[in-house]
Amino acid sequence: MQTKVYKELAGQLASADAVVIGAGAGLSASAGMDYTGRRFAENFSDFIAKYHFSDMYAGGFYPFHSPEEYWAYWSRYIWINRYQDMPKPVYQDLLRLVGRKDYFVLTTNVDHCFQRAGFDKKRLFYTQGDYGLWQCAKPCHHKTYDNAAAVRRMLDAQEGMRIPAGLAPRCPLCGGPMTMNLRCDATFVQDEGWYQANGRYQDFLRRHSGRHVLFWELGVGGNTPAIIKYPFWQMTGQNPRAVYACINAAEAAVPPEIAGRSICIQGDIGAALQRITREGNL
């Protein structure tokens with residue numbers, strides 16, 4: 001039965017006119033981008049000892065007493081999750097499966113793993129932001145700024161869990177503090193690049209309306225189902241030629257209305273991608 005499921009998904013990948021990938025945190029977790037355990041301990045042992053953080057997320061929301069300590073923590077956080085190589089080649093394996101197809105990626109992930117793995121940046125829509133971008137904390141204007149060089153300086157200069165005060169980023173217009181370009185509240189900046197990516201995604205959907213489209217959900221949980229999961233179900237239901245597929249470690253499910261045109265695999269995404277490749281000779 002399991003072999004049949006993998007072969008079926010491989011067949012859909014081969015025959016579909018287009019593939020729309022919807023990716024959540026589970027995909028990056030499969031690639032080894034863990035926010036707990038050894039990876040967390042190796043990079044944040046001093047913060048763990050002082051604040052007893054259980055994982056990187058917890059530290060990211062902590063109200064540090066100074067911007068120097070805040071950016072010491074966040075510069076490490078950004079560097080290992082946005083700029084360091086991924087521990088496992090899961091994204092590269094996915095690209096080998098879809099790279100020759102007409103594809104588009106919608107993702108809530110903010111680690112930019114798709115582009116680092118070689119996906120065409122014009123086929124990517126990061127809806128929730130990017131660890132590699134800063135914005136004005138107010139925000140006084142709707143523009144974002146690349147942070148790679150500044151983060152590298154913070155890493156090199158920090159000492160005693162603090163960065164030099166002069167390295168804390170300030171808004172170039174109002175002079176106020178900068179913050180991460182992550183969708184946490186109403187201050188999230190949707191810059192020109194965000195709207196361009198959204199436009200390309202909507203155009204992709206329009207151009208393939210009514211055609212044989214594979215809506216492929218990977219590692220999407222229940223935190224923001226209205227961004228990927230529910231729209232994928234709805235678009236599959238509206239298009240009789242569409243097929244919905246889901247690979248998830250724990251939440252591979254589908255509504256009964258589209259069950260006859262759905263493929264669900266529960267398990268590790270990386271292992272599933274390798275098996276799809278083998279079973280379908282892709």
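Each reported figure results from applying straightforward, stated rules to the coordinates on display, with no laboratory input. Keep in mind the model is a prediction, meaning the values are calculated, not measured. Here the Cβ positions follow ideal geometry from the backbone for every residue, glycine too, while neighbour counts run over all protein chains shown.
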**In sequence order, calculated HN-Hα J values of segment 130-135 (Karplus, 6.51, -1.76, 1.60; Hz; x Gly/Pro)** = 7, 4, x, 10, 10, 8
**Complete:** With 0.36 nm assigned to each residue of separation and the Cα-Cα distance removed, Arg96 to Thr3 gains 31.5 nm
**Request:** Would you work out the relative contact order for segment 1-94, in percent, from Cα pairs under 8 angstrom that are 6 or more residues apart?
**Result:** 33 percent
**Message:** Based on alpha-carbon atoms only, what is the radius of gyration of segment 170-282 relative to the globular estimate 2.2 N^0.38 Å?
**Reply:** 1.38
**Percent RCO, i.e. relative contact order, over segment 111-191, from Cα pairs under 8 Å lying at least 6 residues apart** = 36 percent
**Complete:** Excluding residues fewer than 8 positions from Lys122 in its own chain, the lysines with Cα under 28 Å of it are Lys88, Lys101, Lys143, Lys229
**Item:** Distance in nm between pseudo-label sites at Ile48 and Arg200 (7 Å out along the Cβ direction from Cα)
**Value:** 3.8 nm
**Message:** From the P(r) of the chain, could you give the percentage of C-alpha pairs in the tail past 36 Å?
**Reply:** 21 percent
**Request:** Note the full-extension length gain between Ala137 and Arg170 as 0.36 nm times their separation in residues minus their Cα-Cα distance, in nm to one decimal.
**Result:** 11.0 nm
**Request:** Give me the angle, in degrees from 0 to 90, between the Cα long axis of helix 67-78 and the longest principal axis of the Cα atoms of the chain, rounded to the nearest 10.
**Result:** 30 degrees
**Item:** Listed residues Ala29, Ser45, Ala58: farthest to the positive end of the dipole of segment 29-69 (Cβ charges)
**Value:** Ala29
**For peptides 17-29, 153-165, sequence by mean Cβ density within 10 Å, most packed first** = 17-29, 153-165
**Complete:** Surrounding charge for Tyr145, neighbours by C-beta under 15 angstrom, Lys/Arg +1, Asp/Glu -1, total +2
**Complete:** Under the 7 Å Cα-to-Cβ spin-label approximation, Leu155 and His65 lie apart by a distance in nanometres of 2.8 nm
**Prompt:** What is the chain's relative contact order, in percent, from Cα pairs under 8 angstrom and six or more apart in sequence?
**Reply:** 27 percent
**Message:** Can you compute the modelled spin-label distance between Thr224 and Gln274, with each label point 7 Å from Cα toward Cβ, in nm?
**Reply:** 3.0 nm
**Prompt:** Picking from Lys121, Lys50, Lys88, which is most flexible by a Gaussian network model of the chain using Cα springs under 10 Å?
**Reply:** Lys50
**Message:** Once each part is reduced to its C-alpha centroid, what is the distance from segment 112-166 to segment 21-98 in angstrom?
**Reply:** 13 Å
**Message:** Using the alpha carbons of segment 6-115, what is the convex hull volume per residue in cubic angstrom, as a whole number?
**Reply:** 113 Å³
